[in-house]
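The values are calculated or read from the model by the stated rules, or taken from the named source; none is laboratory data. Not measured: the values here are computed from a predicted model. Note that we place each Cβ from the backbone using ideal geometry, even for glycine, and neighbour counts take in every protein chain shown.
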């Protein structure tokens, strides 16, 4: 397809890259060319999809066409995104992806200017209520939902405990290796977490989660496979030569969403981030220091952590419940 050729600036077709200013791009893989400074594979996937979307909108079919894009094209794209009722955060990310591409093309002298510069982006939203947290009783019900006598049930109980007691992202859980669990530091067992941007953090292991993970490892039989994935597929493909770890989507679909649906938990935006929000909100409700919660969550900015601080807006503190007739 034409757009795939345009995206593959490292393709072998010399005709597409005949212009001298593009020749130097020909042998550079697109991941290195466009996303050299992005360490997150999730961000790379999102940005690549955003660029493809803009190309389709603006009619960009070959590398040279990027030079013809003007600010008007970007403004028209922004208007279309807003017309499609995308959230402000999504529009900001898409514009950031396009700007990132153009900044790099400017750096390698492939284009003269960045047409995204000067295009206003939607204001940052407060996100209050955007990721709802479960209540304490709901969290307990969810932890107890998987069957306790099957390998999948034991695994899923361990996964839910790791999520709800340590506020990990599902991507972080998927990256866990057996060797990352119960590392002793200063006499306390920790989980070693490979977070966003490759940043490591060590989180003390909650006793409830620790016992469930130990039970799972004993039942699954890979406790001595230190380098292997901690949480694995119960029935890997027969042709698999190496242990198959769960993917982030597999963790959400098989070990979170499945049981939330069985319990009847539903609601707007009750998605993959809900258990992280639940853990953070619960810790803050129980007087955990917000700076410590920031470190625990791996947030670069404490403003992001404040999203989960509902202490000033708890329903039980509402004047509604002070009314008496």
Across (1) modelled with pLDDT of 95 or more; (2) farther than 26 Å from residue 44 by Cβ; (3) touching a strand residue (DSSP E or B) at 6+ places or on another chain (Cβ under 9 Å), residue 177 clears everything bar (2)
Note on residue 264: of the conditions (1) within 19 Å of residue 170 (Cβ to Cβ); (2) out of contact with any helix residue (DSSP H, G or I) (no Cβ under 9 Å at 6 or more places or on another chain), unmet is (1)
When segment 153-181 is checked residue by residue, the ones that are in contact (Cβ under 8 Å) with a residue 24 or more places away in the chain and over 24 Å from the mean Cα position of the chain (by Cα) are 154
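Yes or no: segment 148-157 includes at least one residue that is part of a loop (DSSP other than H, G, I, E, B) and buried (at least 19 other Cβ atoms within 10 Å of the Cβ).
Taking segment 148-157 as the starting set, the residues that turn out to be part of a loop (DSSP other than H, G, I, E, B) are 148-150.
From what is left, the residues that are buried (at least 19 other Cβ atoms within 10 Å of the Cβ) are none.
No: zero hits.
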Quick count over segment 206-221, residues being surrounded by fewer than 16 Cβ atoms within 10 Å (Cβ to Cβ) and not in a helix (DSSP H, G or I), is 1
Of the residues in segment 267-312 that are in a loop (DSSP other than H, G, I, E, B) and modelled with pLDDT of 80 or more, the one that is nearest to residue 171 (Cα to Cα) is 273
| message | Kindly evaluate residue 81 against the criterion of being without any contact (Cβ under 8 Å) to a residue 40 or more places away in the chain, assigned to a helix (DSSP H, G or I) and within 30 Å of residue 307 (Cα to Cα). | response | yes
Counting only residues in segment 120-136 that are over 30 Å from residue 77 (Cα atoms) and in a loop (DSSP other than H, G, I, E, B), the one modelled with the lowest pLDDT is identified as 132
